[in-house]
1. From the list Thr67, Thr52, pick out the single residue that is β-branched (Val, Ile, Thr) and open to solvent by 30 Å² or more (accessible area, probe 1.4 Å).
2. Checking Thr348 against (1) of a type in the set (S, T, N, Q); (2) open to solvent by less than 10 Å² (accessible area, probe 1.4 Å); (3) more than 23 Å from the chain's Cα centre (by Cα), which single condition isn't satisfied?
3. Can you name the residue in the range 387-436 that is over 43 Å from the mean Cα position of the chain (by Cα) and touching a residue at least 24 places away in the same chain (Cβ under 8 Å) and, of all such residues, is farthest from Trp480 (Cα to Cα)?
4. Tell me, which strands (runs of 3 or more DSSP E) lie completely within the range 220-299 with 2 or more residues that are at positive phi, surrounded by fewer than 17 Cβ atoms within 10 Å (Cβ to Cβ) and touching a Ser or Thr at 6+ places or on another chain (Cβ under 6 Å)?
5. Of all residues being β-branched (Val, Ile, Thr) and over 17 Å from Lys74 (Cβ atoms) in the range 110-131, which is surrounded by the fewest Cβ atoms within 10 Å (Cβ to Cβ)? Just the residue, please.
6. Just to be sure I understand the filter: pairs with C-beta atoms under 6 Å, separated by 6 or more residues or on different chains, first member in the range 325-339 and touching a residue at least 40 places away in the same chain (Cβ under 8 Å), second member open to solvent by less than 30 Å² (accessible area, probe 1.4 Å) and among the charged types (D, E, K, R). Which pairs pass?
7. For the range 345-361, give me each residue that is part of a loop (DSSP other than H, G, I, E, B) and among the aromatic types (Phe, Trp, Tyr).
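The values are calculated or read from the model by the stated rules, or taken from the named source; none is laboratory data. Predicted model, so just to flag it, every value in this text is computed and none were measured. A quick note on method: Cβ atoms are made from the backbone with ideal geometry, for glycine too, and the neighbour counts reach across all protein chains shown. In case anyone asks, the SASA skips ligands and DNA or RNA and just uses the protein heavy atoms, side chains included. Shrake-Rupley method; radii C 1.70, N 1.55, O 1.52, S 1.80 Å.
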Amino acid sequence: MASPGCALSAFMLLWLMRSVVNYPNGKVTQSCDGMIPQHGHSPQSEPIHRLTVSDRTFRPGDKIEVTLSGPPFKGFLLEARDAERLSGPPIGSFTVIDSQVSQLLTCEDVQESAVSHRSSSKKTEMRVYWNAPSSAPNHVQFLVTVVEKYKIYWVKIPSDVISQPNALPFTTPEATRMPLSTSPPVSHLTKPFNASDCGNKKFCIRSPLNCNPADEPACIFLSFTRHDQSVLVEMSGPSEGYLSFALSHDRWMGNDDAYICIHEDQTVRIQPAHLTGRSHPVMDSRRLLEDMAWGLTDGVIQCSFRRNITLPGEENRFDLNASYYIFLAAGASSDGKISKHSKQPLITYEKYDVTGSAKNVGGSRSSPLLKAHGALMCMAWMTTVSTGVLVARFFKSVWSKAFLLREAAWFQVHRLLMLTTSALTAVAFVLPFLYRGGWSWHAGYHPYLGCTVMILAVLQPLLAAFRPPVHHPRRQMFNWTHWSVGTATRIIAVAAMFLGMDLPALDLPGPQKTYTMIGFVGWHIGTEIILEIHAYWLSRKVQILDDDRIQILQSLTSAEAEGHAFKKAVLAIYVSGNVTFLIMFFSAISRL
C-alpha cells in the first residue's frame, strides 16, 4: 500500500551529481566557494580558454566587460575576487548581456556576485559586465571554471588583474589556479576476493548469504577487515555501471557516508561521496583513501581501499567504530556519471559496528513490514474474498441447512470469510504507515487505491448488518447495493495489487509477478464461468415436461445431488489453486 519511495529505499543514486556540468540549468551555488565541479576527476592542467577584460583600471561604479572565449564549452562559473586574497569572498556584482547564455547567482549571500551558464548547450563565447562596488579592493582578478564535458574541465582560469588608478603596483600575486591534486595510487586486482575469513577475521555482508565471490560471479560481497586504526574494505558484484555501499543511521536515504566504485573507460574509479536528503550524491575527495585497487572480469566489478577508522575534521565521513545500517546498491553509469540504482538496495536487518567482532550477515531489499503487508493483502483478496463470493453466489442450495446461530451454513461461511477479509485488510493497511512513519508520496496511485479499498472493506460489512428481511420491499435494493459495492471493491483491490507489485520497495521478480497475478484473475473468472454454465445446464436438465409430480421430485433430487457434488469438487479445486498462487507469492516475497 503506502510504499517507501523506497528505501533507499532508501539510498537512491539518481542520474546526475552536484556539479557545474550536472546542473544543465546552471544553478551551481554550492560550488561558489571553491569553484570546483564535484565530478571526482582531476581538472585539466593547461587552460585552452581565455578570460579577458575591457580595461586594466577601474573606479567604484565603473562597468568592466568580461569575456570568456575559446573552444566549445557547456558550463562555466565566473566570479571576481580580491587579487591579493583569491580565497576570499566574491567582489562586486555582474550584469548579464545575453540572458540566453548566462544567468546571475547569489554566492556567499552576495546577490548577483557570480555568473553561470543558462543551459548545457555548447557555446564559444560569453560576455558580461562587472559592476565595481564602492568598497572594491585596490586589485581585482576574475576567475572562471569552465566545463567542456563531465570529465574535462578547468578550475579557476584567471584573467589579468585590474587595479584602481591610485593603487600601488600589484606585486604579490596569490596562486590563481587550483593546484592539481595528486591522485592516490591505484593498483589492479588479479584475483577475486575470498569469503573464507568471513566471520573469523572479516565482517562480511553477502547476498545470497554464504555465497563466495571466488566461486560465484553473481555473489554480492562487502567485507571490512580491521588493521590497528584502519579498515580494509573489499566490495564486488555483477554490474555494468557501478557498485556502492553506504553507512546510514537509519533505513532511509539521507545524511549517509557512501563509497562508489564506478566502471569507466575499462577502469574502476573508487569515489567517496555523501548523501544529503533525497538528493544526488555529492562526490568528495579521494585523498582520505589508501591502498586503492580494482578489477573487472566478465561484468563483475571489484574494488578495495583502506581508510582510517576515525577522520577528525571530516564532516561527511563517519567514524567506523559505531553502529550503522549498511546499504549495498548497483546501477548503470555513462561517461563516469551514475544513474539511479537498478533495484532496491540491499539493507542489513540491523545496525552493525564493522570494527567490532567479525560477523557474517545478510540483508533484505524489502522491509519485513512491507512483506507482511503484501502477504496479508494477497491472502485477503486472492483467497478469502474470492471464496466468499463463490459461496454466496453458487452454494445457497448446497449448504442451505441451518447451523449454529440458526442461519444457513452458506451464509455463515460467507460472513466469516468476508469478515476475515476486512480484518486482514485492516491489519495490512496499517503496516506501510508504520514502516514509513506517515504517507508515502512516491508510491503512485497504489496508496490511493489502497485507502479506497480499506474504506469499502469497512463499509461493506456495515451495510450487511442492516440487511432487510427476504420479503422486505427494500431487499432488492440491498442486494444490488451489496453486490455493486463488493464487486467494485474487488476490482479496485486487484488494480491496487497490480500496482503494488511493481513498486521498488517490494522488489518482486518480474515479469513473473505480473503473469502470476494475471493467472489468478483468469483462474477466478474461469471458475465463475464454469459454475455459471453448470447452473444453466442444471436448470435445463430439471425442467419436467411431464405433469407427474413424483417424476418431477425424483428428477430434482437426482439432479441436485449431482449438481452439489460437482460444485463441491469445483470449489475444492479452486481453493487448491488459490493456495498455489499464494505459495508462489509467499515464496517470491520470502526471497527478498
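1. Just one listed residue meets the conditions, Thr52.
2. (3)
3. Val398
4. In the range 220-299, no matching strands (runs of 3 or more DSSP E) lie anywhere.
5. Val110
6. Gly336/Glu264
7. Step one: of the range 345-361, the residues part of a loop (DSSP other than H, G, I, E, B) are 345, 349-351, 353-359.
The one that is part of a loop (DSSP other than H, G, I, E, B) and among the aromatic types (Phe, Trp, Tyr): Tyr349.
Table: residues versus (1) among the polar types (S, T, N, Q); (2) within 28 Å of Gly500 (Cα to Cα); (3) part of a helix (DSSP H, G or I).
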| residue | (1), (2), (3) |
| --- | --- |
| Val413 | no, no, yes |
| Val427 | no, yes, yes |
| Trp441 | no, yes, no |
| Cys451 | no, yes, yes |
| His471 | no, no, no |
| Ser484 | yes, yes, yes |
